[in-house]
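Let me begin by presenting the structure, written as structure tokens, before commenting on it.
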Ligand SMILES: [Zn+2]
């Protein structure tokens with residue numbers, strides 16, 4: 001990704017819309033694209049060569065042909081820019097309050113919450129110029145490039161929609177980027193950060209366990225609840241970005257290929273958001289804000305003793321039991337995630353300078 005390339009965010013197209021893509025290619029609304037793109041390169045890529053408009057979180061149209069896609073699965077700054085530039089966008093009013101109730105779970109009333117969800121869906125989607133399921137970060141000025149979109153067919157046969165944005169970062173007052181930081185990325189904790197001053201910081205996901213107490217919901221209501229759960233996971237991830245943007249000049253994270261996703265529906269919605277965050281949003285946010293972000297090799301970061309390596313240059317494998325890590329050589333007994341984040345930082349600091357090897 002060159003610095004002047006627009007940011008590209010990929011979202012899944014729903015299976016039910018796959019049959020509409022062939023006719024769009026035949027009609028010339030999708031043109032074969034052979035340039036280089038970041039993110040999901042795909043087995044086959046088309047550039048959208050016809051007006052793309054957005055009607056809701058779940059629907060857009062190309063040349064008037066509706067496509068179902070997870071448009072709300074974008075980082076907040078991009079999603080909000082898309083909504084702001086979509087005059088025909090409709091959404092459920094009142095979901096902002098539902099989101100607050102879901103996340104705060106003070107005075108949690110499952111029956112009352114289910115009733116409010118059902119009532120919101122019954123009222124239907126209404127035109128609203130500002131998204132209610134995301135708050136645009138004030139530090140990112142983002143503009144949607146509606147005439148630069150792509151459709152990609154992955155080698156597994158699935159289709160993705162790529163939306164483009166220009167992004168400018170506006171530093172907050174008092175910006176204090178003093179640290180290099182290693183990250184251990186996961187589900188819970190969401191992230192553990194270890195700084196080069198020896199500090200450790202934990203980011204935990206907002207608990208949604210209470211959602212399991214809800215009564216059975218209609219299909220549309222369940223879909224809205226899933227959107228709320230996704231938005232909650234995204235908000236948790238963006239809290240990490242805000243902290244890193246303020247404190248870190250350099251961030252290292254493991255190169256990850258796959259993360260375990262929960263099969264329970266409550267957690268699968270949240271895990272999807274976390275997955276999207278760890279895989280793409282985190283690096284895109286930091287790239288846009290000028291934080292040096294680099295991935296390191298992931299092997300053994302959770303079993304090597306970071307203090308032994310840092311202070312004595314010794315490679316010692318420790319014992320991990322659940323969330324604890326114990327070193328047989330120096331005797332430390334640490335939180336395993338903190339030790340892993342420390343290893344990521346040490347490994348990152350040994351990377352060759354940029355430009356001499358691939359990041
Ligand atoms: Zn040790």
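Read-outs throughout are calculated quantities, based only on the coordinates presented, and are distinct from any laboratory measurement. Here the structure is a predicted model, which means the values were calculated and not measured. Neighbour counts are summed over all protein chains in view; Cβ atoms, including those assigned to glycine, are modelled from backbone coordinates with ideal geometry.
Some observations on this one:
- Segment residue 138-residue 209, extension gain: residue separation times 0.36 nm, minus the distance between their alpha carbons: 22.5 nm
- With the simple spin-label model, which puts each label point 7 Å out from Cα in the Cβ direction, the residue 18 to residue 265 separation comes to 2.2 nm.
- C-alpha long axis of helix 219-247 to longest principal axis of the chain, angle in °: 40 degrees
- Gain in span if fully extended, residue 218 to residue 5, counting 0.36 nm per residue against the direct Cα distance: 72.4 nm
- Nearest-ten-degree value, helix 265-276 long axis tilted from longest Cα axis of the chain: 70 degrees
- Full extension of the chain between residue 176 and residue 333 yields a length gain of 53.4 nm, computed as 0.36 nm times the residue separation minus the alpha carbon distance.
- Euclidean distance of C-alpha centroids, region 284-352 and region 87-122, integer Å: 41 Å
- With the simple model of a label 7 Å out from the Cα in the direction of the Cβ, residue 168 to residue 44 spans 4.0 nm.
- Estimated inter-spin distance, residue 317 and residue 292, nm [label 7 Å along Cα→Cβ]: 3.3 nm
- By the equivalent-ellipsoid construction on the alpha carbon gyration tensor, the chain comes out with semi-axes of 37, 26, 19 Å, ordered largest to smallest.
- Binned Cα-Cα distances of region 185-295, short to long, each 5 Å bin given as a whole percent: 2, 11, 22, 22, 17, 11, 8, 4, 2, 1, 0
- Euclidean distance of C-alpha centroids, region 130-153 and region 176-221, integer Å: 23 Å
- Cα-based helix-to-principal-axis angle, 95-104 vs the chain, degrees rounded to 10: 30 degrees
- Remark: the Cα gyration tensor places region 219-359 in the oblate category, a/c being 1.5 or greater and a/b not exceeding b/c.
- The GNM of the chain, with springs linking C-alpha atoms under 10 angstrom apart, assigns the highest mean-square fluctuation among 245, 339, 257 to 257.
- Cα gyration tensor shape of region 207-261, rounded if a/c is under 1.5, else prolate or oblate by comparing a/b with b/c: prolate
- Rounded, prolate or oblate (a/c below 1.5 giving rounded, otherwise prolate when a/b exceeds b/c) for region 138-214 by Cα gyration tensor: oblate
- Note on residue 130 and residue 155: with the Förster distance fixed at 51 Å, the Cβ-Cβ geometry gives a FRET efficiency of about 0.85.
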